[in-house]
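Report on the structure given below.
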Amino acid sequence: MGCSPDDLIEFLKTRRSIRRFRKEKVPMEIIEKILDVARYAPSAHNSQPWRFIVIDDRGILDELSRIHGGGKPLMNAPQAIVVACDERASPDSYLLDCANATIYIQLVAHALGLGTVWIQTMRNIDDIRKILGMPKYITPASILAIGYPDEKPEPRPRIPLEKIICINKYCLD
Ligand SMILES: Cc1cc2nc3c(=O)[nH]c(=O)nc-3n(C[C@H](O)[C@H](O)[C@H](O)COP(=O)(O)O)c2cc1C
């Protein structure tokens, strides 16, 4: 392992959501390398309910970009990955399992010098199902716009630790 704990912490702290991308497509081998690692995310009972849809069709990317105002990064992304969850594989926690796979994708992409942004899906599940031909038991947990970054955003602010930590019992509000 060529990575110290401090390097790993720095790596985690320097991931940013990227919303502007260069035009070149990410080679499919690289996307496969990322999805290969995403399979190692934890899931309830190791159910692995995630299925991945790689999208490189401009028309479909544009359609997805219009599902809501936050979808705009898909307009200039060369590709996207939809993390689609099979509810039948993990009925109690398919969304949590798929959120884990999503963050794995974001982190591996960051390690490879790629940028991603998570596009919200929860309010538009049926619209996305229709665009992508998904049956009812498949829920899109996330859409990740992915590509080579064409921006270097400043870090977003974080809530101070003292406002989010309790000891033993809930202590906030
Ligand atoms: C569940 C979820 C939904 C999000 N939806 C959107 C979205 O629809 N559009 C967008 O541009 N960013 C979206 N984001 C990205 C967040 O805005 C971003 O992660 C947050 O502002 C922190 O910035 P950072 O990722 O650069 O640390 C989403 C993130 C999560 C986890």
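Each value in this text was obtained by applying a stated rule to the coordinates, not by laboratory testing. This is a predicted model, so every value here is computed, not measured. Every residue, glycine as well, gets a Cβ built from its backbone with ideal geometry; the counts of neighbours run over all protein chains shown.
Worth a mention:
- The set of residues from the stretch 62-121 being within 26 Å of GLU10 (Cβ to Cβ) and among the aromatic types (Phe, Trp, Tyr) comprises TYR104, TRP118.
- Residue satisfying all of: in the stretch 10-25; assigned to a loop (DSSP other than H, G, I, E, B) and in contact with a Phe, Trp or Tyr (Cβ under 7 Å, 6 or more places away or on another chain); nearest to the ligand (Cβ to nearest atom) among these: ARG22
- Total residues in the stretch 126-147, condition among the aliphatic types (A, V, I, L, M), assigned to a helix (DSSP H, G or I) and either in contact with a His (Cβ under 9 Å, 6 or more places away or on another chain) or away from the ligand (no atom under 13 Å from the Cβ) (or both): 2
- From the list ILE18, ILE31, the lone residue that is in contact (Cβ under 8 Å) with a residue 40 or more places away in the chain and over 23 Å from ILE138 (Cβ atoms) is ILE18.
- The stretch 67-81, residues that are part of a loop (DSSP other than H, G, I, E, B) and more than 12 Å from the ligand (Cβ to nearest atom): PRO78
- Hits in the stretch 148-170 - residues which are surrounded by 10 or more Cβ atoms within 10 Å (Cβ to Cβ) and within 16 Å of the ligand (Cβ to nearest atom): PRO149, ASP150, GLU151, PRO153
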